[in-house]
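The structure appears below as structure tokens.
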């Protein structure tokens, strides 16, 4: 038996291909939306994996350092380092800000939105690998940037009031919101995080000097000590901990929480915070888009197949009159809908693959999503064809006979 | 009524009635239709608009159900105050050939497959179906257009392909609904010549519904239908030159 649907598609292939490409663009957007979600999850997992930590120690009762602000004293790591099972512990700071090239005028160039990470070289928190340049070797004013910032080795960038030389480039180091990371020495980052402008420092000093409780004539050196303390930052956002080979991360976490009064998260808990909480709203947003796009796709396929079927009323009436079974006619329409879906899916997958690198955020297209997408497209096309099948089966074969 | 057919062969219609609607709104489209068409015979069915021609064709074609009466196609009684067969589609596919006012060829199938489609639907192999189709196309002088699309054919060629499609399953009966309406005199007579030749060769009973006066002289017998009743008349049965 010949394929009526196949012959019809071949006969009017131009219409089918153009319609399929139109549908494919919609499917491409749908696949890209799924890819954006996968990219966000992958970014979060890469962020955790590349930090080189087993535990995140943050301020008590917070979800820091990525999901909520967290501030702990920068000497807390010493006590943690001495606890059983802890192989390494290091301070880190995270600060999201605009970073621009040093030569650029602040007003003229908005720069790049980046997460500036303060870390201690050789400790957890350091970027695990470089794709260009070298690691930070000096104590101050050197930086390693993610390639997505657009900076290259040798660039000079400005973070707050200081200029930094980009000495290395890394990859796949982005914040949970997709901002590329720039790594600088911890001390510089602490300063940058709390550094006030000159006018504010002068005002603060004057305000402190005017306070009789802090500027006592009978206590020499008190005012200077207070003013000195005001300009030094002794806080970090988190302590990253690497546990020993034979130690249990959850056991070490429990001990730190109990004895140090700090919140401690294992990698699994931190992943849960990032994926299930931090990007949960974005995921729901994307899910809504996927549902809407699926409905729009279904409506378009239904409309196209229905219109095409109505355009063949006479032919269908003749087919029914000469004895074609309903299932043959239904099969023809169903196969056409599936054919349209197949063309659309191939077009959609192609365009999604082509335009994925252009997206500012990482778009991860995984084969599993493609398979699920294909099944969904076929199911949607099959469901959408029922309207046309119903219309075709209602056609009276008597309409083929005049009068 | 003249009976020129062997009992149980060709078409036999007795006391056929068809009523549309019920109660006061009921309309009797067919009141008392009697018709006999012998195998190999081509008869005309003529009548003014609204006389019941199409209704009779639809009843005979098992498309609509009559209200009462009896119909036989070949040796099979298909209706006797109720359908005598459950699968009307199979009946239409296997025992009735249809030729329409317009050819209504399937636009996305080539000429061969338009003709071969019916036996394929009936379960015959593609190869056998196409071989049979090509035989008929050759007999109807359109073999050279076997691979053409319907849109590439002239009106006369399309109608010949439609005739081949009607004949392909070797049905005992062919119902033709104004098959010459869109054709000029020469082509119309050409179609009638083909129908007569094929009827004679295949012993098929053919009913041609027509308004076309130029083909009336070709019928040996004509049934007139008026107010839902049939009246038989001898035709000229003019031989084709």
Q: Scan the range A:1-25 for residues that are away from every other protein chain (no Cβ under 14 Å) and crowded, with 19+ Cβ neighbours inside 10 Å and jot them down.
A: A:19, A:20, A:23, A:24
Q. Looking at the range A:151-241, what helices (runs of 4 or more DSSP H) fall wholly within it and have at least 2 residues that are touching a residue at least 24 places away in the same chain (Cβ under 8 Å)?
A. A:186-194, A:198-209
Q) On the given criteria, is residue B:140 crowded, with 19+ Cβ neighbours inside 10 Å, touching a residue at least 40 places away in the same chain (Cβ under 8 Å), farther than 30 Å from residue B:29 by Cα and more than 14 Å from every other protein chain (Cβ to nearest Cβ)? A) yes
Q. Would the range A:300-311 turn up any residue that is within 11 Å of another protein chain (Cβ to nearest Cβ), surrounded by fewer than 18 Cβ atoms within 10 Å (Cβ to Cβ), assigned to a loop (DSSP other than H, G, I, E, B) and on the phi < 0 side of the Ramachandran plot?
A. yes
Q. Among (1) more than 30 Å from residue B:179 (Cα to Cα); (2) modelled with pLDDT under 90; (3) within 14 Å of chain B (Cβ to nearest Cβ), which single condition is residue A:331 missing?
A. (2)
Q) Could we say that residue A:144 is closer than 30 Å to residue A:261 by Cβ, at pLDDT 90 or above, touching a strand residue (DSSP E or B) at 6+ places or on another chain (Cβ under 6 Å) and in a strand (DSSP E or B) here? A) no
Q. Among the residues of the range B:109-121, is there at least one that is within 13 Å of another protein chain (Cβ to nearest Cβ) and outside any helix (DSSP H, G or I)?
A. yes
Q: Scan the range B:98-108 for residues that are more than 8 Å from chain A (Cβ to nearest Cβ) and in a strand (DSSP E or B) and report the count.
A: 1
**Q.** Total residues in the range A:371-387, condition closer than 16 Å to residue A:350 by Cα and in contact with a helix residue (DSSP H, G or I) (Cβ under 6 Å, 6 or more places away or on another chain)
**A.** 3
**Q.** Residue list for the range A:126-163, filter: under 30 Å from residue A:243 (Cβ atoms) and touching a helix residue (DSSP H, G or I) at 6+ places or on another chain (Cβ under 6 Å)
**A.** A:128
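Quick grid of which residues meet (1) touching a strand residue (DSSP E or B) at 6+ places or on another chain (Cβ under 9 Å); (2) over 19 Å from residue A:235 (Cβ atoms); (3) buried (at least 20 other Cβ atoms within 10 Å of the Cβ):
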site: A:156; (1), (2), (3): yes, yes, no
site: A:164; (1), (2), (3): yes, yes, yes
site: A:170; (1), (2), (3): yes, yes, yes
site: A:186; (1), (2), (3): yes, no, yes
site: A:190; (1), (2), (3): yes, no, yes
site: A:193; (1), (2), (3): yes, no, no
site: A:206; (1), (2), (3): no, yes, no
site: A:211; (1), (2), (3): no, yes, no
site: A:215; (1), (2), (3): no, yes, no
(Q) Looking at the range A:338-361, can you tell me whether even one residue there is farther than 21 Å from residue A:299 by Cα, in contact (Cβ under 8 Å) with a residue 60 or more places away in the chain and out of contact with any helix residue (DSSP H, G or I) (no Cβ under 8 Å at 6 or more places or on another chain)? (A) yes
(Q) Considering only the range B:82-92, I want to know if a residue exists there that is within 30 Å of residue A:10 (Cβ to Cβ) and crowded, with 22+ Cβ neighbours inside 10 Å. (A) yes
Q: From B:222, B:206, B:194, grab the single residue that is surrounded by fewer than 24 Cβ atoms within 10 Å (Cβ to Cβ), touching a strand residue (DSSP E or B) at 6+ places or on another chain (Cβ under 7 Å), modelled with pLDDT of 85 or more and over 26 Å from residue A:8 (Cβ atoms).
A: B:222
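Conditions tested, residue by residue: (1) under 34 Å from the mean Cα position of the chain (by Cα); (2) part of a helix (DSSP H, G or I); (3) modelled with pLDDT under 90; (4) within 14 Å of chain B (Cβ to nearest Cβ).
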residue	(1), (2), (3), (4)
A:315	no, yes, yes, yes
A:346	yes, yes, no, no
A:350	yes, yes, no, no
A:364	yes, no, no, no
A:379	yes, yes, no, no
A:389	no, yes, no, no
A:402	no, no, yes, yes
Q | Test set (1) away from chain B (no Cβ under 14 Å); (2) not in a helix (DSSP H, G or I) - residue A:323 fails condition number | A | (1)
Q: Only residues that are without any contact (Cβ under 8 Å) to a residue 40 or more places away in the chain and not in a helix (DSSP H, G or I): list them for the range B:147-206, please.
A: B:147, B:148, B:154, B:170, B:180, B:183, B:184
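The values are calculated or read from the model by the stated rules, or taken from the named source; none is laboratory data. Bear in mind that the values here come from a model prediction, so they are computed numbers and not experimental data. Please note: Cβ atoms are built from the backbone with ideal geometry, for glycine as well, and neighbour counts cover all protein chains shown.
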